[in-house]
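Nothing in this text is a laboratory measurement; each read-out follows from the coordinates by a stated rule. Source: prediction; values computed, not measured. Here the Cβ positions follow ideal geometry from the backbone for every residue, glycine too, while neighbour counts run over all protein chains shown.
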């Protein structure tokens with residue numbers, strides 16, 4: 001039944017008339033950002049199975065936790081894109097999974113109260129969108145990183161902590177990186193942030209990464225990445241590269 | 001054209017909204033001693049930030065005020081309330097810590113009477129403007145005319161004698177890094193500031209950590225008192241506020257530890273239901289979102305291993 005409804009919605013969208021559904025949050029950026037990130041001809045449906053979690057208000061505008069929980073989304077996923085509607089650079093991250101990924105969590109910076117979106121592309125190319133709203137005093141994007149005022153920031157730069165949590169939480173992986181993630185939106189502090197992350201399977205000998213992620217300027221300082229890969233082995237290699245060409249590579253695994 | 005100007009003038013001449021007023025009712029809790037009890041709510045445009053306890057002691061050498069409230073208007077209302085009770089001038093204003101609900105009524109009192117721990121004054125100088133922006137956002141017009149005024153007198157732990165009252169001062173750190181606690185030995189009244197909340201969830205934005213705060217509470221609980229005025233919530237005459245703080249903070253600490261050990265995200269922790277035994281603690285769900293933001297990252301990092309470079 002649901003599938004039929006989705007097919008119908010997809011069919012309607014493909015006619016090019018009223019291509020996007022109405023935004024339940026009424027954001028002025030809805031159509032613009034859908035077109036920008038998913039394309040003018042994208043088939044878009046609202047889908048409660050895309051569970052996007054943010055707190056109701058941002059206690060710290062420079063560190064707002066966002067979690068995409070797809071444990072209720074039972075269809076295979078091609079790609080996931082998240083964005084923060086009213087941020088100067090709305091895009092937060094995009095990832096392409098090669099295995100089932102039920103949870104991805106990362107903190108973002110928020111410039112003002114805004115809607116937040118996660119768009120999940122299924123195998124047929126249809127985008128399933130989940131939304132949430134966060135209230136905020138704002139200014140997180142144009143506030144300098146703590147590292148930018150810390151003369152000793154290089155002592156900790158690139159330090160990486162990690163852990164795998166299993167099986168109580170399936171295969172949940174946490175990786176914490178000391179990185180300023182400067183957005184480039186603060187005077188005299190150039191953009192300096194991690195652009196790419198990959199999770200590779202070290203045991204299975206697969207060529208394609210289990211997950212490939214790209215990050216934008218909305219990502220917060222010292223990122224704490226959380227991933228849940230229920231079907232993947234608990235031995236991973238995490239690889240990251242920032243826009244200055246620094247590469248970081250670590251083994252994470254052995255369930256705690 | 002002229003008509004529009006006239007309409008504009010007429011609109012401008014309208015009284016700018018009925019004036020907002022705090023109705024402060026000091027309650028005598030001991031000889032010479034009054035408490036002004038605030039609501040146990042969060043800041044709102046309805047309550048004007050009257051969510052804090054202030055107090056004053058009328059000695060024979062002047063009035064000692066403890067905290068000045070969230071705005072100039074509150075400070076004025078408090079000063080007016082004092083004048084209705086005594087002709088004595090305010091000689092000492094003891095600011096327990098730098099949070100806006102305790103120090104933003106400073107303007108209403110003589111600058112030379114404003115006293116605090118030196119660390120508190122430094123913190124107010126650092127955070128005052130940001131607090132002020134946030135207060136305008138949260139309580140709006142109640143803040144009209146309010147400006148940050150720094151204390152001019154330095155307090156130090158030890159005795160303080162004002163007329164016929166003898167006070168003992170302590171400096172703690174658990175709530176903000178500089179937290180004044182005042183015992184009026186003459187009446188046995190302990191003014192705990194925000195080191196103690198009762199029936200109101202603790203706030204943690206500048207707390208050095210729940211462990212530090214709890215250790216200091218154990219020390220604080222050793223002080224003998226007849227009655228205790230917490231920073232938020234009703235006065236108590238026994239150790240129930242300490243017991244409640246201990247149970248709640250132990251739960252919060254254990255929640256953060258076990259969540260970090262299970263690899264939970266901040267979002268998952270924030271939506272933890274508050275156990276029923278804490279039903280009497282106001283704003284616990286709201287403060288859990290804030291405290292998770294302030295404190296959970298430390299627990300998360302502690303649950304991870306440093307990964308060596310390959």
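Figures for the structure shown
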quantity: Inter-part distance where segment B:52-101 and segment B:279-310 are each reduced to a Cα centre, Å; calculated: 36
quantity: Beta bridges per DSSP with both ends in the protein assembly as shown, % antiparallel, nearest 5; calculated: 85
quantity: At R0 = 56 Å, FRET efficiency that the Cβ-Cβ distance of residue B:280 and residue A:191 yields, to 0.05; calculated: 0.70
quantity: Spacing of the two label points (7 Å from each Cα toward its C-beta) at residue B:23 and residue B:301, in nm; calculated: 4.9
quantity: Top of B:62, B:75, B:276 by mean-square fluctuation, Gaussian network on chain B, Cα under 10 Å; calculated: B:276
quantity: Antiparallel %, DSSP beta bridges [both residues in chain A], to 5; calculated: 95
quantity: Candidates A:216, A:105, A:148: whichever shows maximal mean-square fluctuation once chain A is modelled as a Gaussian network with Cα springs under 10 Å; calculated: A:148
quantity: Segment A:122-181: C-alpha gyration tensor shape, a/c 1.5 cut-off, then a/b vs b/c; calculated: oblate
quantity: Gaussian network model of chain B, Cα within-10 Å springs - most flexible of B:268, B:300, B:129; calculated: B:268
quantity: Shape category assigned to chain A from the gyration tensor of Cα positions, a/c cut at 1.5; calculated: oblate
quantity: Theoretical FRET efficiency, 1/(1+(r/R0)^6), r = Cβ-Cβ of residue A:78 and residue B:41, R0 45 Å, to 0.05; calculated: 0.40
quantity: The protein assembly as shown pair-distance distribution - Cα-Cα, 20 Å bins, rounded %; calculated: 19, 44, 29, 8, 0
quantity: Antiparallel bridges, percent of DSSP beta bridges restricted to segment B:17-238 (to nearest 5); calculated: 65
quantity: Calculated diffusion of segment B:185-310, Stokes-Einstein form, Kirkwood radius summed over Cα pairs, 4 °C and 1.567 mPa s, µm²/s; calculated: 82
quantity: Förster radius 60 Å - calculated FRET efficiency between residue B:154 and residue A:22, Cβ distance, rounded to 0.05; calculated: 0.50
quantity: Value of [θ]222 nm, deg cm²/dmol, for chain A, DSSP H segments ≥ 4, -39500 (n - 2.57) each, nearest 500; calculated: -3000 deg cm²/dmol
quantity: Computed label-point distance, nm, for sites residue B:237 and residue A:251 using a 7 Å Cα→Cβ extension; calculated: 6.7
quantity: Descending principal axes extents, segment B:17-238, alpha-carbon based, whole Å; calculated: 48, 43, 31
quantity: Cβ neighbours within 10 Å from other chains - mean over B:299-306; calculated: 6
quantity: Distance between modelled label sites at residue A:48 and residue A:142, nm, 7 Å Cα→Cβ extension; calculated: 4.0
quantity: Cβ-based exposure ranking for A:133, B:97, in which fewest neighbours within 10 Å come first; calculated: A:133, B:97
